[in-house]
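Accompanying notes for the structure given below.
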Amino acid sequence: MVKNKAALMLTLDKIANISKKSNLTFRPIAPVMQEPITMIWKRSTNLSPVAELFLKLIKRSIIESKNILDLN
């Protein structure tokens with residue numbers, strides 16, 4: 001519906017595909033709005049390879065964010 005210009009989408013930054021092929025545009029809200037996100041998972045659960053990769057990328061992103069904050 002969004003691609004057909006029948007609806008608008010409110011999303012977090014870097015989640016939607018906004019490449020030139022998608023014909024979508026991301027416009028940030030001003031003033032900036034921030035919302036903390038909590039992720040919870042069972043350590044003993046067998047995750048799919050895709051879920052494992054997603055979790056690995058999230059963990060890496062958190063570590064990188066903390067390192068950037070420590071530099072300031």
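The values are calculated or read from the model by the stated rules, or taken from the named source; none is laboratory data. If you're wondering where the values come from, they're calculated on a predicted model, not measured in any experiment. Every residue, glycine as well, gets a Cβ built from its backbone with ideal geometry; the counts of neighbours run over all protein chains shown.
Residues are listed down the side, and each one gets a yes or a no for (1) farther than 28 Å from Lys3 by Cβ; (2) surrounded by 10 or more Cβ atoms within 10 Å (Cβ to Cβ):
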{"position": "Lys14", "(1), (2)": "no, no"}
{"position": "Ser19", "(1), (2)": "no, no"}
{"position": "Thr25", "(1), (2)": "no, no"}
{"position": "Met33", "(1), (2)": "no, no"}
{"position": "Thr38", "(1), (2)": "yes, no"}
{"position": "Pro49", "(1), (2)": "yes, no"}
{"position": "Phe54", "(1), (2)": "no, yes"}
{"position": "Ser61", "(1), (2)": "no, yes"}
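Inside the stretch 1-30, residues that are assigned to a loop (DSSP other than H, G, I, E, B) and more than 19 Å from the chain's Cα centre (by Cα) make up a count of 7.
For every residue, the table says whether it meets (1) modelled with pLDDT of 85 or more; (2) of a type outside the set (A, V, I, L, M); (3) at positive phi.
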{"residue": "Asn4", "(1), (2), (3)": "yes, yes, no"}
{"residue": "Ile15", "(1), (2), (3)": "no, no, no"}
{"residue": "Ile37", "(1), (2), (3)": "no, no, no"}
{"residue": "Arg43", "(1), (2), (3)": "no, yes, no"}
{"residue": "Pro49", "(1), (2), (3)": "yes, yes, no"}
{"residue": "Lys56", "(1), (2), (3)": "yes, yes, no"}
{"residue": "Arg60", "(1), (2), (3)": "yes, yes, no"}
{"residue": "Glu64", "(1), (2), (3)": "no, yes, no"}
{"residue": "Leu71", "(1), (2), (3)": "no, no, no"}
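So is Ser22 at pLDDT 80 or above and in contact with a Lys or Arg (Cβ under 9 Å, 6 or more places away or on another chain) or not? Answer is yes for this residue.
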